[in-house]
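The values are calculated or read from the model by the stated rules, or taken from the named source; none is laboratory data. The structure presented is a predicted model; accordingly, all values stated were derived computationally and were not measured. Neighbour counts are summed over all protein chains in view; Cβ atoms, including those assigned to glycine, are modelled from backbone coordinates with ideal geometry. Surface accessibility is based on the protein's heavy atoms, side chains included, excluding ligands, DNA and RNA. Shrake-Rupley method; radii C 1.70, N 1.55, O 1.52, S 1.80 Å.
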Amino acid sequence: MPGAPLLLPLLLVPLTAAVALGIVGDRKFAPEINILGSAATFAAGLGLAFQVYERGPFMTGGKFFFVDAFNIYLAVLTAFVSMTTAVFSRRYMRREREHGRVGHVGMRFYHAMFQLFIFAMLLCLLTNNVGVLWIAMELATLSTVLLVSLYRTPTAIEAAWKYFILCGVGIAQALFGTVLLYFAAEKVLGEGGDALLWTNLSRVSGQLEPTVLSLAFVFLMVGYGTKVGLVPLHNWLPDAHSEGPTPISAVLSGLLLNIALYALVRCKALVDGATQTHHAGNIMMGFGILSILVAAFSLLRQKDIKRMFSYSSIEHMGIATFAFGLGGPIATFGALLHMLMHSLAKSAIFFTVGHASQMHGTQEMARIRGLFKGNPLVGWGFMLGVMAIIGLPPFGVFTSEFLILTATIKDAPALAPLLLIGLAVAFAALLRRVQPMVSGAPPPWQRPLRASHLPVLLHLALVLAIGIYLPPFLNDWFRTAVGLLR
């Protein structure tokens, strides 16, 4: 089976690590196992990516797995951010343990569920089966519900319950959309599992019943759109981010939202092929522009620092959703780049936010002050991360947003003012909120902290480097992915 020697470790390492960490529990070397497992997963992902780059897409495991330029790019990104988050969480969670916020059982849950979450996301990306994608998405939800409620406070349990209920209802809608997709496919491909394979569905998309596919996409949009955090399906996301551990906020914003959007984009390609219209794209553009505007104005009234950046995540996923809905080579290229830049920049921001919250003993922005003087590396990492996420040049987010705005002016000029308003409001809101937190003298309640700086510096360096110079292999990679999605 081509690719199996590399695909198997990519999936089995996090699953094995989850079992091992469930057994190891809260022992001293558990964080190191978490890091090593994540690093091995990333190495396997890189090897598989090079294979796809050299030989092109392939199926393996009896057509059960499919790897192409689109999903392996997201798989490598998922493995990389998971690895750097594991490095960050080693020192962060140790401090949480010392201060009594997490106990022995909590730490066992944290490490085991972290690796199970990685496995679920990678399975979502690499499976060739629409039904298995749905199951893996549900597994990702269940594993993160336990992580969001890790602190066992009333507000954390409430946030986890809201996350479970809203995403459970959403995923049920996605299941009905999947059933409709199978209903249309079995008339062409026959009964059985072959009618649920992405590769088969893509091959015969022009023969599928357009009315059924259009209806299926509505349910899939609502279902997976809930997981993306699109307005008005976003209510779980700010609570989950603000109440869960900061490393989980980083992987939720930087990775899980991408996985759900990946499922939507794959479904859109099928609907476009069946209907030969822009029906699915219009729906995505509507949800995207609404999310951008609502999230941008919501930034202005936030008091909790993690809630504020959760609304920033909603805004940026709205931008990517809008761009994929708009379609065309420039907008799709910009959307792929934006997913990458947002994942790296937002996870770096959450790393620094976690350190700032531990230094001040609170997530209230009004009580976080003097980061530049109190801990210069945390302060400057936070400030540079915000500069990157609001789209200041020469960071890569500026490049992706510029491409998306250019495509909007060309293909949907009536929506360009709305996109600009959303970007401008988010820009002003974040700068207004962040500036008091980094400037001035440190307050007397600020505590010294040994921060984990390497993940922050690495992420921001990549966002800056790609903004200045896009490597030819990455440019070729995105162009190949764009060709797959047109």
*May I ask you to verify whether Leu196 is open to solvent by 20 Å² or more (accessible area, probe 1.4 Å) and touching a strand residue (DSSP E or B) at 6+ places or on another chain (Cβ under 9 Å)?*
yes
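Residues checked against (1) open to solvent by 50 Å² or more (accessible area, probe 1.4 Å); (2) among the hydroxyl-bearing types (Ser, Thr, Tyr); (3) assigned to a helix (DSSP H, G or I):
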residue	(1), (2), (3)
His111	no, no, yes
Phe114	no, no, yes
Met121	no, no, yes
Leu133	no, no, yes
Thr144	no, yes, yes
Tyr151	no, yes, no
Ala159	no, no, yes
Tyr163	no, yes, yes
Leu180	no, no, yes
_Selected residue (only one of Leu458, Leu418 is aliphatic (A, V, I, L, M), assigned to a helix (DSSP H, G or I) and either in contact with a strand residue (DSSP E or B) (Cβ under 6 Å, 6 or more places away or on another chain) or closer than 23 Å to Leu74 by Cβ (or both))_ = Leu458
*asked:* Among the listed residues Val102, Val52, identify the single one that is crowded, with 17+ Cβ neighbours inside 10 Å, in contact with a strand residue (DSSP E or B) (Cβ under 9 Å, 6 or more places away or on another chain) and modelled with pLDDT under 90.
replied: Val52
*In the stretch 439-457, the residues that are touching a Leu at 6+ places or on another chain (Cβ under 9 Å) and modelled with pLDDT of 90 or more*: Val456, Leu457
*State which residue is surrounded by the most Cβ atoms within 10 Å (Cβ to Cβ) when the search covers only the stretch 313-367 and only residues that are of a type in the set (Ser, Thr, Tyr) and touching a helix residue (DSSP H, G or I) at 6+ places or on another chain (Cβ under 6 Å).*
Thr321
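Here's the yes/no breakdown for (1) of a type in the set (S, T, N, Q); (2) surrounded by fewer than 24 Cβ atoms within 10 Å (Cβ to Cβ); (3) closer than 24 Å to Leu74 by Cα:
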site: Arg203; (1), (2), (3): no, yes, yes
site: Gln207; (1), (2), (3): yes, yes, no
site: Tyr224; (1), (2), (3): no, no, yes
site: Lys227; (1), (2), (3): no, no, yes
site: Ala280; (1), (2), (3): no, no, yes
site: Leu293; (1), (2), (3): no, yes, no
site: Asp304; (1), (2), (3): no, yes, no
*Can you name the condition, by its number, that Asp272 falls short on among (1) under 9 Å from the mean Cα position of the chain (by Cα); (2) under 22 Å from Trp134 (Cβ atoms)?*
(1)
_If a residue must be within 25 Å of the chain's Cα centre (by Cα), small (Gly, Ala, Ser) and open to solvent by 30 Å² or more (accessible area, probe 1.4 Å), how many such residues does the stretch 418-442 contain?_
2
*Considering residues of the stretch 392-417 that are open to solvent by less than 20 Å² (accessible area, probe 1.4 Å) and more than 18 Å from the chain's Cα centre (by Cα) only, the residue nearest to Ile349 (Cα to Cα)*: Phe395
